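S.K.: Can you read through this structure? Questions will come right after.
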Amino acid sequence: MSNRVQIGKVELDDFAYHELLDRLTVAINTLDNNVVQHRVAKIETEIKDEITLAIDHLFRAQQLTSQKRFKN
């Protein structure tokens, strides 16, 4: 049986943080494999730097999610 908690209008279960971690991992991998590795991004460093910054933010979100998952 899954534990559920209501936070405002949002209901979370035990799996919610794990699910978000998985989706963040998929997003990071997709951006790296399909966008950062694109031939334009490889030669246009200004573009690649912006994409990498977005990935860095997603990675930080992943780390925060992980911390909150194990805190709860």
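The values are calculated or read from the model by the stated rules, or taken from the named source; none is laboratory data. Just so you know, these numbers come straight off a predicted model, no measurement behind them. Glycine also receives a Cβ, built like all others from the backbone with ideal geometry; neighbour counts cover every protein chain displayed. Please note that ligands, DNA and RNA were not included when accessible areas were found on the heavy atoms of the full protein model with its side chains. Shrake-Rupley method; radii C 1.70, N 1.55, O 1.52, S 1.80 Å.
S.K.: Is it possible to state the helix-based mean residue ellipticity at 222 nm for the chain, with each DSSP H run of 4+ residues giving -39500 (n - 2.57), the sum divided by total residues, to the nearest 500 deg cm²/dmol? What is it?
M.R.: -22000 deg cm²/dmol
S.K.: Determine the dipole magnitude for the chain: charges of +1 sit on the beta-carbon of Lys and Arg, -1 on that of Asp and Glu, nothing else is charged, the reference point is the Cα centre, and the result goes in debye to the nearest 20.
M.R.: 200 debye
S.K.: Report the rotationally averaged projected area of the chain based on its alpha-carbon convex hull, in square nanometres.
M.R.: 5.9 nm²
S.K.: Same structure again: With every protein chain present, what is the per residue accessible area of the chain (1.4 Å probe, Å²)?
M.R.: Numbers: 5950 Å² over 72 residues.
Spelled out: the 1.4 Å probe surface of the chain, per residue, equals 83 Å².
S.K.: Taking the chain as the reference, fit the longest principal axis to its C-alpha atoms, fit the long axis of helix 16-31 to the helix C-alpha atoms, and give the angle between the two in degrees, 0 to 90, nearest 10.
M.R.: Its long axis makes an angle of about 10 degrees.
S.K.: A follow-up question, please. Under a Cβ-Cβ cut-off of 15 Å, what is the net charge of the residues other than VAL36 that fall near it, where Lys and Arg count +1 and Asp and Glu count -1?
M.R.: Value of the local net charge: -3.
S.K.: Here is a further query. Quick one: helix 45-71 against the long Cα principal axis of the chain, what's the angle to the nearest 10°, folded into 0 to 90?
M.R.: Here the helix axis deviates by roughly 20 degrees.
S.K.: In what sequence, largest accessible area first, do ILE43, ILE28, ILE7 appear using a 1.4 Å probe?
M.R.: Descending order: ILE43, ILE7, ILE28.
S.K.: Just going by the charge dipole of the chain, with Lys and Arg at +1 and Asp and Glu at -1 on Cβ, which of ILE28, PHE15, LEU53 is farthest out on the positive end?
M.R.: Sorting the options by dipole projection puts first PHE15.
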